[in-house]
Each structure stands twice: as structure tokens, then as C-alpha cells.
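The structure under discussion appears below in the form of C-alpha cells.
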There are 2 protein chains.
Amino acid sequence: MRFLRRTIIAVILIAVIVQIVFLPPIILVPLVLLWIFMASREFTALMQKLGVHLPALLLPLANLIFPVSLMVDFAFRGATPDSIHLSELMLPCAVVCLYGIFARPPRAPQLGYAVFGIIYLSFLPAHLIMIRYLPGIRPMVVLFPLLATWVNDTGAYGFGRWLGRHKLTPISPNKTWEGFIAGVIVTVAFSVIYLRRLMPSVGLVPSAVLGLVLGVIAQAGDLVESIFKREAGVKDSSSALSEHGGFLDRADSLLFTLPAFYYFFTFLVSR
Amino acid sequence: MRFLRRTIIAVILIAVIVQIVFLPPIILVPLVLLWIFMASREFTALMQKLGVHLPALLLPLANLIFPVSLMVDFAFRGATPDSIHLSELMLPCAVVCLYGIFARPPRAPQLGYAVFGIIYLSFLPAHLIMIRYLPGIRPMVVLFPLLATWVNDTGAYGFGRWLGRHKLTPISPNKTWEGFIAGVIVTVAFSVIYLRRLMPSVGLVPSAVLGLVLGVIAQAGDLVESIFKREAGVKDSSSALSEHGGFLDRADSLLFTLPAFYYFFTFLVSR
């Protein structure tokens, strides 16, 4: 029953996201903004459990500044992702510094974690918008890092349950080395098969390397979120998505794989 | 005696930096790298006092990655600052995340503060390299944000001691509103006089606005460092520069004014 609900929710989520990727790029932006807002709320609640009290809406709102600026640049000023204005990333940092200076009492952890929160939950997810607005990119290519991350997640989970013997790390006690390695292998296989059909010009070795990078980094992203959750003493960042946990849980790997894919892909294309 | 030593050290520091700005851009890089290394060590020591134990060389070395990559791009690949590779900023973040995952025990504050440390002491100071490598920029223009910051600092200190009555903030008990306002006013005056002679095309209002922005943000930078020092219970980040405190103390305002100048200036020029 639990498994069934989990699967149904996963299918619905994936179906919605796949649909949206095929629509005009601007449609994707509200989805990313909504996700950033919800995940930033969950992150603020996690911080609260760690004894770091941030105003409830500071990060949820400040983290929208960078992706909204990107959208304005791309959709209305005809800019391309290779010429983004880093100054727009400075704006949320300035907001957080002002808060740090005027907060009573002013405290270092608030400031440090809030800047971390901007990088983690605004700069990283904004790479999905940057990918979608790459000149001439096809929706099937935009889907690739998303699908690769889900393939990795499913592979690591399935093979880990089946073959897992050796614990990977105390951060996340259910993870095993067997699951980790299997996740990376299925991601490499997926990457090679998918990219060979979609972009034959990329070549076998770069496709395999990209799969390897995404497979490893997806699980690193999962572990980084786990460090915060473990310290806060919670299993999921929220129960907003039922068995899937919160918005942050559902995208912890994507936070790392989307930038990795963006830089790897733009490097490949620029050669 | 104390005042004399302070003045002599200031004159030597300023003379060295002014000289270096007039030499080829590549000469500036080792100075920035040295400063980043020393300031990151001081920041690590401050964190230690806050109970956040980072490996002594993690930030000092990770924080060199981004400016070194910038130098390679600018000096050897002919890139310009408007096309910097953000992927290079991801590298130190990846190093820190790997450390976060493998540290025993893995802890959230280490990870959060280390990412903050990368933005604060690698990304921000790297803007001096970006300014120096702007196509066609004159050394006198590179000097402008440095001089404006020092003018602001001196103005705020001098007028604050003379006229200061109303405390600005509990973060930094010696600062007064009178000093703050006087610092901003002298910075606006300096900006207008300097830029009118150097770049008459900039116009009076943009020059005054730039002075206002730099004056306010320089003191914000000072206060942000003070939040950390105050919480750590120290007055200076180190005593490396005698009466001037540590490397971090000597440049806390520049960390904020250099990026502000960079984005303001590139915006003005791009119009």
C-alpha cells in the first residue's frame, strides 16, 4: 500500500515535469520558483531544529530573486545563460547581510547559514532555468539530467535493498556501498544509451563520463541533505509529498546534478 | 606612538598596493592569493572560537581554486570577466561538500560555514582580479574602489571620534551614526571629484550614486565581519598587521566594495 502510493505519486510527479519540459521555457519558471519557495521553507524549519532561527520568509523570498532575475534576462531581454549577471546573485546575499546586521541580536550562524541557503536553494536550482534557456536546446536534452538522477536514485535504492551488505556512511544508515555502485553503473548505462540516440556527436566516452559524474554527484547531493536532516533529528524535510517526504527530499540529488550537467554540457558543446 | 606606527604601516600598505596596481595585471594575482590564504586562516580560527572546527588548510587552499582558475582564464586563455566560468566556483564548493560527507563525525555547521567561507573569502575578493582584467581598464580606475574604501574608513573613523554621539549598533560599540554619515559624505565627495577628472563621461549623478553605494556598503562589510568577531569574543581577526589587526580586518570593507564597484562599473560601461 505504502509502495503503491509512493509509486503513484512518483508517476504523477514525473509525468507533470516531463509535460512541462516540453512546453515553452517560461512555463518551467513558476514550477522552479514554487519548488524553491517550498524547499526554502523546509530548510528554514531544519535550521530552526539546529537552533538557528531565521525569519520564516527570509530565505523563501530572498531565494526567488536570482531565478526571477534570470527569467527576466532570458525571456524579456534576450540574454543567454553564458552571459548571466552575477550581480543578481549578490542581491539576495545583500538582503541576508542587511538582515544579519539589523537582527536583534545579530548572530553569526544566521548569517553563515543564510548565505549557504542562497547558494544551496537558489543558485543551484536556478541551473534548471539556465539549462532550459540554453540556445537551441531540445526538451529531450533538458530531460536527460532529470531522468539520469531518477534512474540513479531508483537503481541505488533497488539494488541496495537486494544486494546491500556494506554500510556506506553513518550519515544515512540505509545506504550501502552495493547500492551506491549499482546506482552509478545504471546511470552510466542510461547515459550511454540515451545520449547515443539523442546526440550521437557526443561520443561514447564523454557520455559514460557524464553518467559517472552524475551518478556519483547525485548520491553526494543526497548525503549533503542527510547531514542536515540527521543533525536536526528528522527523517524527511517535511511530509508535503506524502511517502516522498518534502520538496527538499525530492530534489536533493537534482540540486547537484543539474549544475554538473549544465557545466559539463556547455563545455562539451563549446569544444 | 601607537598612532604613528598605525600610520606608517598604512602608508606602506597603500604604497605597495598602489605600485602593484600599475604593474601588469598578473602581478596583482599573487597578492590577492596571499591575502585570501591568510584571511581564510584567520576566518578558520574565528570559526574555531565559535565551536565550528574546520581543518586548518581546508578553506585557505579551497579558496585559492576560483581566483587561480580566473587567472588562468584571463592570462592564458584570453577570456574576459564577462564570460567567467561559474563552474570554477563550483569546484571549491565540491571540495567542501566532499569534506562534509567524509568528515568524522559529519556535521552541518562545518558544511554551512565552509560554503559561506568560499563566497565570503574567495568569490568576493576574486572581484579585484576581475576588475583588473576588464578590457581596456586603466590602473587609476582599478585604484578607485580601493581609495574610496580607505577614504570612507578614514572619514568615518576621524569624524566619528570628533563628533560621534549616537551609537550605531551593538555589534561594533565604537561606531556612531555621526561617523557613518560622515564616512558616506566624504566618499560621495571623493567619488565625484575623482571620477569627474578621470572619467568625465560617467556624469555627476552616477558618480555621486556610486560614492553613496560604496560608502554604505563599505561600512556594511565592516559590520558583517564584526558580527563574527563579536560572537567569537575577539577584537581583531589576528595581529598579523600590528595595529591594523589581521588580513581580514584590513579588507572587510573591500570584500563588499570591490564586487559593488565591479557590477556598478560594468553596468555603466555597458550602457
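The values are calculated or read from the model by the stated rules, or taken from the named source; none is laboratory data. No experiment lies behind these values; they were computed from the predicted model shown. FYI the Cβ positions are ideal-geometry reconstructions off the backbone, even for glycines, and counts take in every protein chain you see. Ligands, DNA and RNA are excluded from the accessible area calculation, which covers all protein heavy atoms including side chains. Shrake-Rupley method; radii C 1.70, N 1.55, O 1.52, S 1.80 Å.
Is it true that some residue in segment B:152-168 is open to solvent by less than 10 Å² (accessible area, probe 1.4 Å), touching a residue at least 60 places away in the same chain (Cβ under 8 Å) and within 14 Å of chain A (Cβ to nearest Cβ)?
no
Just to be sure before I move on: is B:Leu128 more than 7 Å from chain A (Cβ to nearest Cβ) and part of a loop (DSSP other than H, G, I, E, B) in the structure I sent?
Numbers: more than 7 Å from chain A (Cβ to nearest Cβ): yes; part of a loop (DSSP other than H, G, I, E, B): no.
So B:Leu128 does not fit the description; no.
So which residues in segment B:193-221 are more than 28 Å from B:Leu46 (Cα to Cα) and open to solvent by less than 10 Å² (accessible area, probe 1.4 Å)? Steps first, answer last, please.
Going through segment B:193-221, the residues more than 28 Å from B:Leu46 (Cα to Cα) turn out to be B:193-213.
Once the filter is applied, which keeps residues that are more than 28 Å from B:Leu46 (Cα to Cα) and open to solvent by less than 10 Å² (accessible area, probe 1.4 Å), segment B:193-221 yields B:Leu195, B:Ser207, B:Leu210, B:Gly211.
Evaluate the following for A:Tyr133: is it more than 11 Å from chain B (Cβ to nearest Cβ) and crowded, with 20+ Cβ neighbours inside 10 Å? Reasoning before the result, please.
Values: more than 11 Å from chain B (Cβ to nearest Cβ): yes; crowded, with 20+ Cβ neighbours inside 10 Å: yes.
It is true that A:Tyr133 is more than 11 Å from chain B (Cβ to nearest Cβ) and crowded, with 20+ Cβ neighbours inside 10 Å.
I'd like the full set of residues that are more than 7 Å from chain B (Cβ to nearest Cβ) and at pLDDT 85 or above, limited to segment A:96-109.
A:Val96, A:Leu98, A:Tyr99 - these are the residues of segment A:96-109 that are more than 7 Å from chain B (Cβ to nearest Cβ) and at pLDDT 85 or above.
What helices (runs of 4 or more DSSP H), lying completely within segment B:193-271, carry at least 1 residues that are of a type in the set (Val, Ile, Thr) and within 14 Å of chain A (Cβ to nearest Cβ)?
Numbers: elements: B:204-232, B:247-251, B:254-270.
Filter on segment B:193-271 gives B:204-232, B:254-270.
Looking at segment B:167-206, which of its residues are closer than 18 Å to B:Pro139 by Cα and small (Gly, Ala, Ser)?
Scanning segment B:167-206 gives B:Ser191, B:Ser201.
Looking only at segment A:222-239, which residues are small (Gly, Ala, Ser) and open to solvent by less than 60 Å² (accessible area, probe 1.4 Å)? Quick ask: steps written out before the conclusion?
Step one: of segment A:222-239, the residues small (Gly, Ala, Ser) are A:226, A:232-233, A:237-239.
Residues satisfying the conditions are A:Ser226, A:Ala232, A:Ser237, A:Ser238.
Checking B:Ser238 against (1) in contact (Cβ under 8 Å) with a residue 60 or more places away in the chain; (2) farther than 22 Å from B:Asn63 by Cβ, which test does it fail?
(2)
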